[in-house]
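The values are calculated or read from the model by the stated rules, or taken from the named source; none is laboratory data. Since the model is a prediction, treat every value here as computed from it, not as a measurement. Backbone-built Cβ (ideal geometry, glycine too); neighbour counts: all protein chains shown. Note: accessible area is taken over every heavy atom of the protein model, side chains too, but ligands, DNA and RNA are not part of it. Shrake-Rupley method; radii C 1.70, N 1.55, O 1.52, S 1.80 Å.
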Amino acid sequence: MNTAPSALTPEATAWMQAQIAIHTARAVAPLREELDKLDDWANGLFVVLADVLPQLLRAHPSAAAAIAPRWERAAESFDAVLASGQRKTNEGESLELLEARKMLYRVFAVVGLWPKARAKMRR
């Protein structure tokens, strides 16, 4: 259904739509750039954690034992939320908030940093 006033020609309507698109793109460009910077920062922080935590967890097995169950629950929650098609857990945690813990938990499990993983590897 065409909702344009009858006084506007199709050409004028097309021109207005093009102008709106141009102005919107200009307004969104700085926001997109800021989002890209924030995403790079967050990814850099994740890399720092992935680089530092293995050494800390090996040096402090009690810390690994304390963290592992919480991160394991985060990984399980991530899988459950993803499978359900929802965006958040019942506790209100988003997939994005769970994802870093899920990734680090699983990577560290593969390399045997968690007490349960180390015990399994010894068998």
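Things worth noting here:
Conditions (1) at pLDDT 95 or above; (2) under 27 Å from residue 113 (Cα atoms); (3) not hydroxyl-bearing (Ser, Thr, Tyr), marked per residue:
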| position | (1), (2), (3) |
| --- | --- |
| 1 | no, no, yes |
| 7 | no, no, yes |
| 11 | no, no, yes |
| 23 | yes, no, yes |
| 52 | yes, yes, yes |
| 55 | yes, yes, yes |
| 61 | no, yes, yes |
| 84 | no, no, no |
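- Of the residues making up region 14-28, at least one is in a helix (DSSP H, G or I) and closer than 26 Å to residue 95 by Cα.
- Here is the figure for region 35-50: residues that are over 14 Å from residue 113 (Cβ atoms) and touching a residue at least 24 places away in the same chain (Cβ under 8 Å) total 1.
- Hey, residue 84 touching a residue at least 12 places away in the same chain (Cβ under 8 Å) and among the polar types (S, T, N, Q) or not: no
- The residue pairs whose first member lies in region 99-113 and is more than 15 Å from residue 52 (Cα to Cα), whose second member is of a type in the set (Lys, Arg), and whose beta carbons are closer than 9 Å, counting only pairs six or more residues apart or on different chains, are 109/116; 112/118; 112/120.
- Selection from region 61-94 of residues that are in a loop (DSSP other than H, G, I, E, B) and open to solvent by 90 Å² or more (accessible area, probe 1.4 Å): 86, 87, 90, 91
- Out of 45, 31, 8, 56, sole residue that is under 21 Å from the mean Cα position of the chain (by Cα) and surrounded by 10 or more Cβ atoms within 10 Å (Cβ to Cβ): 45
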